[in-house]
Structure formats: structure tokens, C-alpha cells
1. Quick check, is LEU345 at pLDDT below 95, assigned to a helix (DSSP H, G or I), aliphatic (A, V, I, L, M) and closer than 29 Å to HIS193 by Cβ?
2. State which residue is surrounded by the most Cβ atoms within 10 Å (Cβ to Cβ) when the search covers only segment 386-420 and only residues that are in a helix (DSSP H, G or I) and of a type in the set (S, T, N, Q).
3. Give LEU139, LEU157 a once-over and let me know the one that is more than 13 Å from the chain's Cα centre (by Cα), closer than 29 Å to ALA405 by Cβ and part of a helix (DSSP H, G or I).
4. Which of the residues that make up segment 25-60 are of a type in the set (S, T, N, Q) and at pLDDT 95 or above?
5. Looking only at segment 101-158, how many residues end up being at positive phi and of a type outside the set (Lys, Arg)?
6. Hey, can you tell me all the residues within segment 146-177 that are closer than 14 Å to MET316 by Cβ and among the hydrophobic types (A, V, I, L, M, F, W, C)?
7. Any residue at all in segment 284-295 that's touching a helix residue (DSSP H, G or I) at 6+ places or on another chain (Cβ under 9 Å) and closer than 30 Å to GLY58 by Cβ?
8. Filter segment 95-117 down to the residues that are over 32 Å from the mean Cα position of the chain (by Cα) and not in a loop (DSSP other than H, G, I, E, B), then identify the one that is surrounded by the fewest Cβ atoms within 10 Å (Cβ to Cβ).
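The values are calculated or read from the model by the stated rules, or taken from the named source; none is laboratory data. Bear in mind that the values here come from a model prediction, so they are computed numbers and not experimental data. FYI the Cβ positions are ideal-geometry reconstructions off the backbone, even for glycines, and counts take in every protein chain you see.
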Amino acid sequence: MSLIPARAGRWAARLILPLLAAWSFSVAFTFPEGRNLNRIWSDMEGYYAYLPAVFIYGSFDRDSLPLHTPQEFKAHPETGRINLRFTYGVALMEAPFFGLAHLITKRGWFRTKKFPTGFTQAYSDALVAAALVYTFWGLWLLMGLVRQQQGDWAAVLLAVLLFWGSNLWFYAVVQSGMSHAYSFFLFAVLVWHTPRWLARPSLGNYALMGALVGLITLLRPTNAVVVLYPLLAGVTRWPDFTARLGGLLRQWPGLLLAAGAVLLLWLPQFAYWHHISGQWLYDSYEGYGFTHLLSPRLGAVLFSPRNGWWVYSPLMILPVLAVFWALFQQKGQGLPALLPLLLTLYLCGSWFEWWFGSSYGFRPVIEYYALMALPMMGLLVWAWQRLHQTWQRGLLLLPLLLGIAYSLRMGYLYRWYWSHADWTWEKWAEVMTTQFF
């Protein structure tokens with residue numbers, strides 16, 4: 001996919017992630033939304049606060065846990081214990097970085113004050129490191145798959161497009177405490193592991209598949225639809241699907257082991273719900289719900305100035321087109337990516353707050369970029385190989401470069417009130433005309 005020697009491609013594939021990581025760390029604390037910002041607040045605090053509650057304060061009591069945004073999280077009226085609303089999956093993945101920040105704070109290293117509260121800047125900075133590590137780990141896995149199929153330069157382009165050409169970078173660099181960078185990594189592991197599980201359905205591979213599904217649902221329960229990916233991977237005809245189901249039933253010990261892995265990961269969540277409410281299953285969202293199931297706001301999800309997916313990440317039209325293209329050109333890759341994406345768009349469009357609060361772009365689809373990565377690069381390489389003139393290939397690359405520039409610039413300009421009902425196309429246009437250039 002290049003006019004440059006193969007050796008240069010190998011070096012580019014080795015260097016692209018370190019270069020993106022260096023850029024990320026250099027800007028994480030200088031962007032307007034990131035400068036001197038303690039990221040442990042609102043939803044990010046709800047995901048994270050399990051860690052200080054368990055390992056520092058030993059309590060979820062309202063009077064014991066010093067939340068930064070206590071107005072966001074109500075205490076149960078009978079027990080007085082705080083309902084953090086979100087499941088503990090993000091906290092589990094943040095735990096190693098929390099532990100390092102706690103050690104640094106207790107020892108006073110790097111001029112930190114010896115006040116290990118769990119909510120100081122050192123802990124917040126650890127969340128940035130965690131999100132970046134998981135993001136680049138996920139990109140590395142996907143790049144490895146693309147390098148095998150399409151070559152080094154395709155892998156380099158994949159990393160740049162997914163990271164800079166979408167809102168993935170924003171949730172790795174700026175709002176690092178949200179769930180999406182972590183979910184993106186887990187989805188990438190699922191894409192990497194699925195062919196291994198299909199080729200060798202051992203008990204160990206079933207256990208890993210169950211652990212992946214358990215973690216994915218612990219981070220965001222609605223992402224349970226991703227089980228369709230391994231179920232449909234490689235399926236091109238109805239007989240293939242029935243054969244897949246029959247094979248799964250014959251491998252029932254593996255299925256039981258996978259289900260046991262899911263249950264094992266969820267047991268602490270059940271225990272927490274019982275601890276705060278006396279119920280093993282608890283509606284932690286307290287009345288929030290899918291109020292638009294019969295009239296999902298799909299058009300707004302894609303095109304609204306209030307976080308519309310393709311308004312702020314227009315390049316992400318490409319992987320969606322690629323998934324439809326793969327239905328016919330790369331049979332077995334299109335359907336397992338398309339169905340989970342469509343179900344997620346429907347569920348999120350049905351959510352009572354379909355714009356998903358103060359977010360940059362439509363954040364619930366970030367992890368699904370991992371499912372669409374291989375079809376996207378398949379389509380781009382297919383198009384590249386059919387363009388033989390330099391100017392033709394330049395015309396293919398130009399919108400990609402413009403889309404990356406747009407994503408980065410709009411992320412830099414982003415402000416939290418872009419999600420409000422009065423954020424209209426007129427105000428978006430005003431930003432474009434007065435601040436963008």
C-alpha cells in the first residue's frame with residue numbers, strides 16, 4: 001500500500017505507537033479540557049471510586065467516602081451506603097495504576113504530598129496512564145492482525161485513523177476515566193482471540209472467552225451484544241451458523257467454563273449491590289432507562305450537533321461502509337461487526353439521554369471501532385490497489401488527512417455545553433467560522 005520501500009514500512013509500524021503515545025502524554029495536560037484537571041469527577045468518579053472505598057477507606061458509607069461530586073451519587077435511604085451507579089469493571093482495570101499512584105503518594109515520590117486520599121492529582125494522572133496503556137495495547141493487537149493480512153503501511157494507517165480520526169484519542173487523553181478506552185482494548189482482545197478460539201476450542205480458550213465477555217459486560221452491560229462477534233465470525237451461510245451452534249453444544253464443558261468465568265467476575269458486583277441495598281440484583285441507575293425503545297433517536301445519534309457520531313468523527317463513516325462492503329467482498333467479516341453495531345445504535349438511541357451527557361462525539365461506539373478495523377483496512381487496501389496514478393491515490397488520502405485534522409481541532413475546541421439542548425447547528429457553524437481556523 002505504499003510507494004516507499006518495505007523496510008521503511010516496518011520501521012513506521014514499529015514507531016507509530018510510541019510516537020502517538022509521546023504526543024498523547026505531551027498534550028494530556030495542556031488541552032483546554034485536560035489542563036490541570038483532576039479527572040476524578042462525575043461519571044469518571046463513579047467508575048473509579050470502588051478503589052479508594054475498598055483499599056483506603058474500607059467503606060461505602062456516605063460519611064466515610066469523600067467523593068468530589070457527591071451530588072452525582074445518592075446514598076441508599078436504608079443503609080446510608082453510596083450507590084456508585086456503574087459496575088466495577090473500569091475500577092478493576094484501573095487497579096494496577098491506582099496501586100502505583102498510592103505507593104508514590106505514600107512515599108512522597110515526585111514531590112507528591114503524603115496524603116493518600118485516593119482523589120488527589122497523582123491518582124488522576126494514573127487514570128491517564130491507564131487509559132493510554134490500554135488504548136495503545138488494543139491498537140497494537142489490531143495492528144498485528146492488519147500487518148498479517150495487509151502489510152505494514154496498512155497497519156500504520158489503521159493506528160492513525162482509529163486514534164486521531166475518531167473520538168478515541170479524546171477518551172484516552174482527556175476524559176481518561178470513562179469506560180471507552182478500556183472497552184476498546186477488550187474488544188480488540190476479542191477480535192484477536194476469536195480466530196484462536198475457533199481454531200482450537202480448548203477449555204483454556206473457552207475460559208479466556210468467558211473472562212473477556214465477563215469483563216466487557218462489567219464495564220458496560222449493554223456491550224453484551226458483542227457476544228455475536230465470536231458467534232458469527234466466519235459465518236457466510238445459514239448452514240455455517242447451524243454448524244457453529246451445533247459445535248458449541250457439543251463443547252458444553254467449555255461453555256460451562258466460560259459461563260463460570262463470567263459469573264466469577266460478576267460476583268463482587270452482586271456483593272456490592274447487596275451491601276448497599278440488601279438486594280443481590282439492584283437497579284443502580286435508579287429509574288434511568290430506555291425510554292425511546294419504540295422511537296429510537298437514530299438520526300440524532302448520527303447527525304445531531306449534540307454529539308452526533310458522524311458530526312464529530314466524520315471519518316468513522318468509512319468503517320461502517322467497510323462493514324457493508326465486507327458483507328459481499330470479505331464474507332465472514334462483515335456480519336459479526338455489523339449486527340453488534342446496529343444493536344448498540346438502537347439501544348443507545350433508545351436511552352433516555354441519547355446524547356450521553358457531556359461527551360465529545362457519540363462515545364458508546366468507540367469500542368466498536370475494534371470490530372470494524374479489519375473490514376476498514378480491507379476496503380482501503382482494495383481501493384488503493386485499484387488506483388494506479390499518484391494523483392488518484394492522493395485523492396484517496398486527502399479526505400483521510402482532512403478528517404484527522406477536523407477530529408483533532410474539534411476535540412481541542414470542545415466544551416461541555418456542546419451537549420445542551422440549545423447547542424444548535426447555528427452555534428456549531430459559529431465555532432467553525434470563528435474558532436476552527
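1. Taking the combined requirement at face value, the residue does not satisfy it.
2. Once the filter is applied, the top-ranked residue is SER407.
3. Exactly one residue qualifies, and that residue is LEU157.
4. Residue satisfying the conditions is SER59 alone.
5. Matching residues across segment 101-158 total 4.
6. LEU158, VAL160, LEU161, LEU162, PHE163, TRP164, LEU168, TRP169, PHE170
7. Within segment 284-295 (the criterion being touching a helix residue (DSSP H, G or I) at 6+ places or on another chain (Cβ under 9 Å) and closer than 30 Å to GLY58 by Cβ), the answer is yes, since at least one residue qualifies.
8. The qualifying residue surrounded by the fewest Cβ atoms within 10 Å (Cβ to Cβ) is ARG111.
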